[in-house]
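The structure under discussion appears below in the form of structure tokens.
The values are calculated or read from the model by the stated rules, or taken from the named source; none is laboratory data. Bear in mind the structure is a predicted one, so any value in this text is a computation, not a measurement. FYI the Cβ positions are ideal-geometry reconstructions off the backbone, even for glycines, and counts take in every protein chain you see. We work out accessible area using only protein heavy atoms, side chains counted, and drop any ligands, DNA or RNA first. Shrake-Rupley method; radii C 1.70, N 1.55, O 1.52, S 1.80 Å.
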Amino acid sequence: DNKDYPQIILRKEEINRLNAIVQMGPPNRGSVWATLGKVPIIKFFNASLADMRKAADSYVNMLSPPTIYPQWGVIAAAYDDKVQFFDTTPPEGIDYQRIMVKCTHGGLCKAENTLQYILHFIEKYGFY
């Protein structure tokens, strides 16, 4: 049940201090594989997986879009079978940049160029 998840609420002043956000492989629009989170044995091992389904009533799709946001970057994995490239798209109306790294979803943290992209985006507000 979604009510069990804590909501992190930043004050407007805190959000205004953020200059850039970089997401890595985010299921902004849900994930087709998250449907497996409804299977009892999978739910036992990963209770929050079903919340990332593509369904309109899933937690990820019921989140309110941000009203204030800094520069927004998304790093997607080229060989991701968990979160497809399109599903990393932020909510409507958000201006963002996205780049694809040649790795799997689980390899995003280990890919040698991921950290370089993050640091460059935070410093220059762009991946290039």
The extension gain from residue 12 to residue 102, computed as 0.36 nm times the residue separation minus the Cα-Cα distance, is 28.8 nm
Carbon and sulfur atoms account, in whole percent of the 1.4 Å probe accessible area of the chain, for 58 percent
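State to the nearest 20 debye the size of the charge dipole of the stretch 11-73 about its Cα centre, where the only charges are +1 on K and R beta carbons and -1 on D and E beta carbons.
Magnitude of the dipole: close to 100 debye.
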Treating only Lys and Arg (+1) and Asp and Glu (-1) as charged, each at its beta carbon, one finds that the chain has a dipole about its Cα centre, in Debye to the nearest 20, of 120 debye
Here the gain from full extension of residue 110 to residue 42, 0.36 nm per residue of separation minus their alpha-carbon distance, amounts to 21.9 nm
With the 1.4 Å probe rolled over protein heavy atoms, the chain has an accessible area per residue in Å² of 68 Å²
Counting only residues 5 or more apart in sequence or on a different chain, those whose built amide H sits under 5 Å from that of residue 24 are 75
Here FRET efficiency (C-beta to C-beta, residue 85 to residue 19, R₀ 25 Å, nearest 0.05) is 0.45
Extension length gain for residue 32 and residue 92 (0.36 nm per residue less Cα distance), in nm, is 19.6 nm
